[in-house]
Amino acid sequence: MIQLLPDHIANQIAAGEVVQRPASALKELLENAIDAGATNITIVLADAGRTLLQVVDNGCGMNSTDARMAFERHATSKIRRLDDLNAITTFGFRGEALASIAAVSEVTIKTRRQEDEIGTQVIISASEVTAQEPAACTAGTSIAVRNLFFNVPARRKFLKSDSVELKNLVSEMQRVALCHPEVAITMQHNGANLYNLPAANLRQRIVATMGKEINQHLITVQVDTSVVRIKGFIGKPECVKRTASEQFFFVNNRFFRSAYFQKAIYNAYQHLLPEKACPVFFIYFELSPDKIDVNIHPAKIEVKFEEEHIIFQMLHAAVREALGKFAIVPSIDFNTEGAPDIPPMRKDAPATLPFPRIDPAFNPFDDDKRTKPASAGNSSGTPLKGWEKLYEGLSRSRQFETFPEEKTPEQLSMERFTTERAICQLKGKYILTPVKSGCMIIDRHRAQQRILYERFLQNLTHPQQETQQEIFPQTVTLPPADYVLLESVLDDLTQIGYDIRPFGNNTVVVNGQPASFPAMDATQLIEELLYTLHENAADLKTQRHEKLALSLAKAAAGTSDEPLNMFEAQALVDNLFACKEPALSPEGKPTLQIITIEEIDKRFLK
Ligand code: ADP
Ligand code: MG
């Protein structure tokens with residue numbers, strides 16, 4: 001009853017593991033090219049690798065027998081004896097990649113060794129060799145994979161949108177590019193040049209691959225011990241990303257993932273990063289191959305390190321040291337620290353007398369202007385109700401009665417602050433102001449996000465926006481996958497008053513921004529926008545406008561801690577309370593807290 005599976009079925013089963021998507025085929029082809037000693041690799045793609053995925057290299061090439069043999073299962077030139085398997089510094093599938101790829105596509109290989117006069121062409125369709133003949137070709141190997149999964153409809157259906165698959169292809173290419181800076185790599189998609197990476201040193205390669213903005217943010221990491229050598233770069237804390245897409249670990253020049261080592265790095269950045277922010281890093285480990293085990297599932301790109309605890313400590317220390325060199329000082333985090341930021345008294349500091357501030361408008365006999373502590377219930381953390389009543393007892397209308405006519409509106413406004421609603425700012429992050437029940441602390445950035453979010457949403461649903469044309473239009477060049485994503489929302493952006501147009505070569509030009517919003521730096525706008533869009537790419541269609549408004553609001557609100565001037569601070573408070581949902585940021589986090597009089601009283605009881 002038992003029968004051996006025919007080869008083409010065995011190959012298709014293996015292909016299920018080796019080739020899950022175009023990106024996994026690209027990974028195998030690139031590794032083969034590198035193994036063949038290529039110094040120049042060209043990747044040609046059509047339709048995110050669905051219809052064409054071709055890798056051309058200038059490596060050692062193959063003779064006509066090998067060109068045919070390479071597609072047999074378990075055909076490899078890299079392992080002769082069992083020993084080789086342990087000493088091997090590459091990981092992945094051994095001798096199965098080409099056979100698997102050829103089982104689920106139509107492959108054309110053209111290859112020639114330097115020393116041969118003429119090369120070979122082999123055509124294989126679903127494991128079936130349909131042609132083999134001598135061919136004139138340049139030295140090296142070109143493997144073109146057409147119509148991937150043409151004979152496996154289930155797989156084909158499983159593929160994601162072109163922009164997602166292209167992003168995967170780009171990531172795969174980046175992983176190879178980042179550990180082989182000496183190899184020139186170009187990538188083309190649907191006739192356009194996506195990447196053109198010349199041979200370079202590591203830092204130059206990182207910049208060429210990730211975009212030139214990253215250059216100013218890179219800090220060198222380097223340790224050398226008997227156990228391991230760790231080198232690479234980390235990003236300064238201000239260069240954080242919203243996703244982990246710019247985090248790379250390599251061991252002996254192969255990409256791998258590690259939640260464990262990632263934690264070592266996050267720990268080192270502790271208190272330096274905003275909540276949920278992802279630092280950027282490119283970390284290269286070098287150690288003896290027998291100290292690691294790569295024979296965990298090859299597609300899962302995980303590696304087991306024999307001395308992982310020690311390496312964890314070394315990595316943590318190396319990153320901390322690198323950060324320390326740049327004197328990056330921890331800052332206080334609102335969410336974790338309950339206490340206000342009072343600088344510690346220095347012993348030798350001269351004591352100064354507190355200077356009392358007098359409110360000239362205060363009249364103790366004026367009954368309805370006096371504030372009484374509100375009843376308990378508005379303690380921080382509980383939801384607040386009845387916004388209108390918050391300012392009760394802090395009458396706004398009085399300003400026009402109290403001050404004589406000859407004052408300018410600015411002066412009036414100024415006095416209205418000092419005498420009526422004191423506003424003060426803490427580190428450019430918080431705005432403090434008295435309210436009926438106590439002291440209100442507003443998270444400035446979240447408040448800005450709320451205000452902008454409601455306006456953007458309003459404009460998306462009632463498009464009628466004026467555009468303020470830029471005097472100096474700014475061009476922004478994007479990584480190709482990002483460009484595809486941005487293109488998909490350009491129409492919406494036009495609706496709300498942005499004038500952003502494709503400019504060819506993955507570049508857009510920002511000609512104008514909505515007149516009714518604070519103009520922002522075009523690069524920053526687009527970068528922020530893309531990060532939020534990436535996170536939501538999957539369900540972008542369902543709540544498109546909310547998502548876009550959120551992305552824009554976050555981009556426009558920014559993260560600057562430069563204090564606002566008094567008018568801006570006042571306007572922010574007013575605008576916040578004109579919102580439909582002032583108490584929550586567009587992501588549902590509190591925009592403000594109230595410390596009640598009772599709580600303050602309690603503190604002074606001690
Ligand atoms: P493996 O890489 O594990 O050996 P593959 O199926 O990926 O298995 O490749 C089979 C063999 O084909 C390789 O061992 C190598 O000899 C040859 N080969 C594949 N790609 C190339 C290439 N681009 N240039 C030269 N030889 C190649
Ligand atoms: Mg291979």
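Just so you know, all these numbers are worked out from the coordinates, no wet-lab data involved. All figures in this text were calculated on a predicted structure; none of them were measured in a lab. Here the Cβ is made from the backbone with ideal geometry for all residues, glycine too, and neighbour counts use every protein chain on show.
Around residue 592, with a cut-off of 13 angstrom between Cβ atoms, what is the net charge of the other residues, counting Lys and Arg +1 and Asp and Glu -1? Intermediate results must be reported in sequence, preceding the final value.
Details: positive: 429, 444, 446, 450, 589; negative: 443, 581.
It works out to a net charge of +3.
Tell me the net charge near residue 313. Cut-off is 14 Å between Cβ atoms, residue 313 excluded, with +1 for each Lys or Arg and -1 for each Asp or Glu. Walk me through the numbers before you get to the answer.
Working: positive: 263, 320; negative: 307, 308, 321.
Summing Lys/Arg as +1 and Asp/Glu as -1 gives -1.
With respect to the cross-link table entries 276/602; 212/291; 241/304; 27/110; 160/276, which display a Cα-Cα separation exceeding 24 Å? Write out the running numbers ahead of the final one.
On the way: 276/602 34 Å; 212/291 36 Å; 241/304 27 Å; 27/110 19 Å; 160/276 27 Å.
From the list (276/602; 212/291; 241/304; 27/110; 160/276), the Cα-Cα distance tops 24 Å for 276/602; 212/291; 241/304; 160/276.
By counting other Cβ atoms within 10 Å of each Cβ, how are 189, 309 ranked from fewest to most?
Numbers: 189 23, 309 9.
With the sparsest Cβ surroundings first, the list reads 309, 189.
Compare the peptides 122-135, 167-180, 253-266, 593-606 by average per-residue count of other Cβ atoms within 10 angstrom and give them in order, highest first.
On the way: 122-135: 15.8, 167-180: 22.2, 253-266: 17.7, 593-606: 13.6.
Those peptides, ordered most packed to least, come out 167-180, 253-266, 122-135, 593-606.
Among the DSSP beta bridges whose two residues both lie in the range 7-199, what percent are antiparallel, rounded to the nearest 5? Before the final figure, lay out each step's value.
Values: 37 of 43 bridges.
Of the beta bridges lying entirely in the range 7-199, close to 85 percent run antiparallel.
Just check the range 7-199 against the gyration tensor rule for me: Cα atoms, a ≥ b ≥ c as the square roots of the eigenvalues, rounded for a/c under 1.5, and otherwise prolate or oblate depending on whether a/b exceeds b/c. Mind showing how you got there, number by number?
On the way: a/c = 1.25, a/b = 1.07, b/c = 1.17.
Here the range 7-199 falls in the rounded category.
Among 439, 424, what is the fewest-to-most ranking by other Cβ atoms within 10 Å?
Working: 439 16, 424 13.
Ranked by crowding around the Cβ, least crowded first: 424, 439.
Distances longer than 17 Å among the Cα atoms of the range 89-191: what percent of all pairs is that?
On the way: 3538 of 5253 pairs.
Beyond 17 Å sits 67 percent of the P(r) for the range 89-191.
State log₁₀ I(q)/I(0) for the range 441-576 at q = 0.12, 0.16, 0.18 Å⁻¹ as given by the Debye formula over alpha-carbon point scatterers of equal weight, solvent excluded.
The Cα Debye sum returns log10 ratios of -0.47, -0.83, -1.04.
Counting Lys and Arg as +1 and Asp and Glu as -1, what is the net charge of the other residues whose Cβ lies under 14 Å from the Cβ of residue 159?
Working: positive: 21, 50, 155, 156, 157, 160, 167; negative: 47, 162, 165.
With Lys, Arg at +1 and Asp, Glu at -1, the net is +4.
What are the ³J(HN,Hα) values, in whole Hz, obtained from phi via the Karplus relation 6.51 cos²θ - 1.76 cosθ + 1.60 with θ = phi - 60°, for each residue of the range 50-58 in sequence order, with x given for Gly and Pro?
Calculated HN-Hα couplings, in order: 5, 8, 8, 9, 10, 10, 10, 10, 10 Hz.
Going from the alpha-carbon gyration tensor of the range 442-494, what semi-axes, largest first and in whole Å, does one get by taking the root of 5 times each eigenvalue? Display every interim value, and only then the final one.
Numbers: eigenvalues 114, 55, 42 Å².
Each semi-axis is √(5λ); the values are 24, 17, 15 Å.
Which of 525, 478, 45 has the fewest other C-beta atoms within 10 Å, and how do the rest follow up to the most? Walk me through the numbers before you get to the answer.
Numbers: 525 23, 478 20, 45 26.
Ranked by crowding around the Cβ, least crowded first: 478, 525, 45.
Take the alpha-carbon centre of the range 1-38, take the same for the range 194-231, and report the distance between them in whole Å.
Between the Cα centres of the range 1-38 and the range 194-231 lies a distance of 31 Å.
Can you list the equivalent-ellipsoid semi-axes of the range 203-325, largest first and in whole Å, using the square root of 5 times each Cα gyration tensor eigenvalue? It would help to have the intermediate numbers written out before the result.
Working: eigenvalues 105, 51, 41 Å².
For the range 203-325, the ellipsoid semi-axes come out as 23, 16, 14 Å.
Going out from 0 in 5 Å bins, what whole percent of all Cα-Cα distances in the range 22-78 drops into each bin?
4, 17, 24, 25, 20, 8, 1
I'd like the distance separating the alpha-carbon centroids of the range 453-511 and the range 544-581, in whole Å.
Result: 19 Å between the Cα centres.
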